Amino acid sequence: MPKNSKAVKRALDDDVTESVKDLLSNEDGRDDTFKKTSLIINNHEGEGKECDVEEGGSDGDEEEERPAWNSKLQYILAQVGFSVGLGNVWRFPYLCQKNGGGAYLVPYLILLILIGIPLFFLELAVGQRIRRGSIGVWNYISPRLGGIGFASCMVCFFVALYYNVIISWSLFYFSQSFQQPLPWHECPLVKNKTMTYVVPECEKSSATTYYWYREALNISNNISEGGGLNWRMTLCLLAAWTMVCLAMIKGIQSSGKTTVSNSKAPIDPLSRQERHNVSDQLVETSNN
């Protein structure tokens, strides 16, 4: 009996150990499957995060994309329109004649080649490379230089103030030009019961000067008198600012289409004036 009992006990112990091994092996398999499933889930989550990051990056790229010109010709014409303005047509001939005529062109051309064109090219190259506005460009170069961008924006704002005033004058004269004869063609007449005479102030100066100061600007006699609000010129100024704001809102997609005509606008009156001067000289030489 004792020997048999010992043999049974050993068999039971072997069965227990085998069953324990089986349990442990099953648990290891379950752990492996759990680890595999957890790895698969983590991989799916990582791929989802990568997809989210890629989608976010694409959205960021779309947000950072700026409008571009439709063609190189539009860009070149826009720069011509930006470079040739009222200062070239209106102010430069006066300054050239006042400061020596042809002699004034010598230092002007030297400074134009050494300073003007390189700075202009640098401005265009930086804008095309970084593709940001004036403030963003200088902040991109160095945050300490951001004040230069703000200063340039303030300069553009002050230039826009008096440019829009000039545009309002042009709109006013354009609206008054649909008359025959033109209102600034002759001096106004004052009619009394007994006689008719020309306004003395206009007679002393000219019809155009009188119309400019008394009708267009409607200035007062001296600085101490307010003179009231000039409603016609105020409406013209409001129309000028409205056109500028609409052009800014639409951006280069709409303004690029107008650069073809705007860039040639300053050149047309100069060429006409030159042809007129040449024809007058030919007439004078033929008469002599």
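The values are calculated or read from the model by the stated rules, or taken from the named source; none is laboratory data. From a predicted model like this one, the values you see are computed outputs, not experimental measurements. Cβ placement follows ideal geometry from the backbone for every residue including glycine, while neighbour counts extend to all protein chains displayed. We work out accessible area using only protein heavy atoms, side chains counted, and drop any ligands, DNA or RNA first. Shrake-Rupley method; radii C 1.70, N 1.55, O 1.52, S 1.80 Å.
Laid out as a table, the results:
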| item | result |
| --- | --- |
| Residue list for the stretch 187-246, filter: open to solvent by 70 Å² or more (accessible area, probe 1.4 Å), part of a strand (DSSP E or B) and not basic (K, R) | L189, T196, Y197 |
| Unique match (being on the phi > 0 side of the Ramachandran plot and of a type in the set (K, R)) among R214, R131 | R131 |
| Segments classed as helices (runs of 4 or more DSSP H), wholly inside the stretch 81-185, with at least 2 members that are charged (D, E, K, R) | 117-130 |
| The stretch 118-177, subset among the β-branched types (V, I, T) and under 16 Å from the mean Cα position of the chain (by Cα), residue most open to solvent (accessible area, probe 1.4 Å) | V155 |
| Pair list, Cβ under 6 Å, 6 or more apart: the stretch 143-156 residue at negative phi, other residue open to solvent by 60 Å² or more (accessible area, probe 1.4 Å) and in a helix (DSSP H, G or I) | L145/W138; G146/W138; G146/N139; I148/W138; G149/W138 |
| Candidates M248, M195, filtered to the one that is at pLDDT 80 or above and either under 27 Å from I167 (Cβ atoms) or of a type outside the set (D, E) (or both) | M195 |
